[in-house]
1. Only one of these conditions is not met by ALA27: (1) open to solvent by less than 50 Å² (accessible area, probe 1.4 Å); (2) more than 20 Å from HIS65 (Cα to Cα). Which number is it?
2. Would you confirm, using the coordinates I've provided, whether LYS21 is at negative phi, in contact with a Phe, Trp or Tyr (Cβ under 6 Å, 6 or more places away or on another chain) and either at pLDDT 95 or above or surrounded by fewer than 14 Cβ atoms within 10 Å (Cβ to Cβ) (or both)?
3. Scan region 60-88 for residues that are open to solvent by 80 Å² or more (accessible area, probe 1.4 Å), of a type in the set (Val, Ile, Thr) and either in contact with a strand residue (DSSP E or B) (Cβ under 8 Å, 6 or more places away or on another chain) or more than 19 Å from TRP34 (Cα to Cα) (or both) and jot them down.
4. Would you be able to say whether some residue in region 5-13 is open to solvent by less than 50 Å² (accessible area, probe 1.4 Å) and at pLDDT 95 or above?
Amino acid sequence: SYFQVSTGAYRRQVHEVPLGKQITDPALIEKITWATWTSILGEEVIGIWPRNAEKADVNCACVTHAGLNIVTGDDFGLVKLFDFPCTEKFVSGYF
């Protein structure tokens, strides 16, 4: 019923399907259970960002089918594995 996008301005947007209406109520967004997750933005993935990271340093993310882990790729050629959700800032992840 919903989809999310990460904009070029590094903002997370959630939209309703099929109308495409943007959802801005954080309480409603928090209640959504996502079938998949490929976003680098959101409270659920705040910990994937290293300390002093620039906006473009983390390029991609994908949650496992079981929904327990998230893997990321970054500008330094690293692939990292984190627990999901990853809500604690500056988690080092597993390489």
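1. If we test ALA27 against (1) open to solvent by less than 50 Å² (accessible area, probe 1.4 Å); (2) more than 20 Å from HIS65 (Cα to Cα), just (1) comes out false.
2. no
3. VAL79
4. Scanning region 5-13 turns up no residue that is open to solvent by less than 50 Å² (accessible area, probe 1.4 Å) and at pLDDT 95 or above.
The values are calculated or read from the model by the stated rules, or taken from the named source; none is laboratory data. The structure displayed is predicted, hence computed values, not measured ones. With ideal geometry, Cβ positions are generated from the backbone for all residues, glycine too; neighbour counts draw on all protein chains shown. All accessible areas refer to the heavy atoms of the entire protein, side chains included, with ligands and DNA or RNA removed. Shrake-Rupley method; radii C 1.70, N 1.55, O 1.52, S 1.80 Å.
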